[in-house]
Amino acid sequence: MHVTHLSLADFRSYARAEVPLDPGVTAFVGPNGQGKTNLVEAVGYLATLGSHRVASDAPLVRMGAERAVVRAQVRQGDRQQLIELELNPGKANRARINRSSQVRPRDVLGIVRTVLFAPEDLALVKGDPGERRRFLDELITARSPRMAGVRSDYERVLKQRNTLLKTAALARRHGGRRGAPPGGADAGPGADLSTLDVWDQHLARAGAELLAQRMDLIAALRPLADKAYEQLAPGGGPVALEYKPSAPGEAHTREDLYAQLMAALSEARKQEIERGVTLVGPHRDDLLLRLGQLPAKGYASHGESWSYALALRLASYDLLRAEGNEPVLILDDVFAELDARRRERLAELVAPGEQVLVTAAVDDDVPDVLAGARYAVAGGTVERV
């Protein structure tokens, strides 16, 4: 699979941009701040419905514009598809496939798949658990686009449940009788917890599906990540991935995971009502990354952390490729962050990819093995050289 043409309208710094793309390597080269990353960010958005740089869509719309459009022609074998996303901050985004009538944005998921390497990846090792959860969930959705609906359902239920718990917590602080049983009719004025059991069931059902997918993914990634780390830093491993759930237990089937979550929610209910927030579920879990016998976070050196982050991305690429739809590889200003040894090894590993998009400030930052098309990016223009 590869993108043959990228079109942007009012996306980031571009009022308009038309960029033909070939299979193989394409490098976007130009000084910082000229829009190189904006181009590959648009491709990544088509694959994930999100940016690797910002949490909301508003910064993606060019200043002064009301909306942005990202459009791409995609080829997979003999099949071509045209996908289009319209970003409307504060309103619902819109999507089209092959200029058909409007579809849901998440219906485009799976048409473009990407694996993106960026300086922000260091947060996978050194950052907070949210960075690692996002890594897992985006990869889950790339493998199975239907999981976008499960994730959306989970987030919706979590939001509703947190609102209910917050109301109960405020009621207890400002009017509940001291000593009243938590979660009952005496939780306080305005605190109707009669629906909490129902929300627990919804949260546990969606959460069990998400947990099952995460555990299956980690099992598939473990050997691939260890192999990739050895390729990048021979003799520096081994590495190991371990899931740390907020609901402890040994369950693996969806029904057992559901029961495990329900039990954990029941046990945590008193504390949740006191604090006004959901304390159990996939949104509180973490992925523990080990290097040798120690956690990578806090113990790995800067170079080891970089190698670990890169190994996770390479493992993701190998996994998606093995499942039959090779992703677009995006390397956003990565080589300038690496020492010469890691730079060459990474370049050699990704060079055979069906489509590799690279950004760099200067030509010398692009390793020789990544020979291919070059675009000069400056002053809002993208010109092939």
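The values are calculated or read from the model by the stated rules, or taken from the named source; none is laboratory data. No experiment lies behind these values; they were computed from the predicted model shown. Here the Cβ positions follow ideal geometry from the backbone for every residue, glycine too, while neighbour counts run over all protein chains shown. Each accessible area value is taken on the protein alone, full model and side chains, heavy atoms only, with ligands, DNA and RNA left out. Shrake-Rupley method; radii C 1.70, N 1.55, O 1.52, S 1.80 Å.
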Problem set entry | So PRO129, is it surrounded by fewer than 20 Cβ atoms within 10 Å (Cβ to Cβ), in contact (Cβ under 8 Å) with a residue 60 or more places away in the chain and either farther than 27 Å from ALA212 by Cβ or within 19 Å of the chain's Cα centre (by Cα) (or both) | yes
Problem set entry | Matching option when the condition is over 16 Å from LYS36 (Cβ atoms), at pLDDT below 95 and over 20 Å from the mean Cα position of the chain (by Cα), among ALA371, ALA336, ALA378 | ALA371
Exercise. So, of the residues in the range 367-383 that are open to solvent by 70 Å² or more (accessible area, probe 1.4 Å) and free of Cβ contacts under 8 Å to residues at least 24 places away in the same chain, which turns out to be nearest to VAL19 (Cα to Cα)?
Worked result: GLU383
For this session: Evaluate the following for VAL69: is it within 27 Å of SER194 (Cα to Cα) and at pLDDT 95 or above?
Result: no
Problem set entry | Within the range 3-87, strands (runs of 3 or more DSSP E) holding 1 or more residues that are open to solvent by 60 Å² or more (accessible area, probe 1.4 Å) and closer than 23 Å to GLY353 by Cβ | 14-20, 68-76, 79-87
Exercise. Would the range 81-99 turn up any residue that is polar (S, T, N, Q), out of contact with any Pro (no Cβ under 7 Å at 6 or more places or on another chain) and on the phi < 0 side of the Ramachandran plot?
Worked result: yes
Seminar exercise, completed: Flagged pairs (Cβ under 8 angstrom, 6 or more apart or on separate chains; first in the range 285-300, without any contact (Cβ under 8 Å) to a residue 12 or more places away in the chain; second not in a loop (DSSP other than H, G, I, E, B)) are PRO295/LEU288; PRO295/LEU289; TYR299/LEU291
For this session: Please find, within the range 267-294, the residue that is most open to solvent (accessible area, probe 1.4 Å) out of those that are aliphatic (A, V, I, L, M) and under 20 Å from LEU310 (Cα atoms).
Result: LEU294
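Give the residues of the range 96-120 that are within 11 Å of the chain's Cα centre (by Cα) and either modelled with pLDDT under 95 or open to solvent by 20 Å² or more (accessible area, probe 1.4 Å) (or both), sorted by residue number. Please lay out each step first, then the result.
Narrowing the range 96-120 to residues within 11 Å of the chain's Cα centre (by Cα): 114-116.
Listed by number, the residues that qualify are THR114, LEU116.
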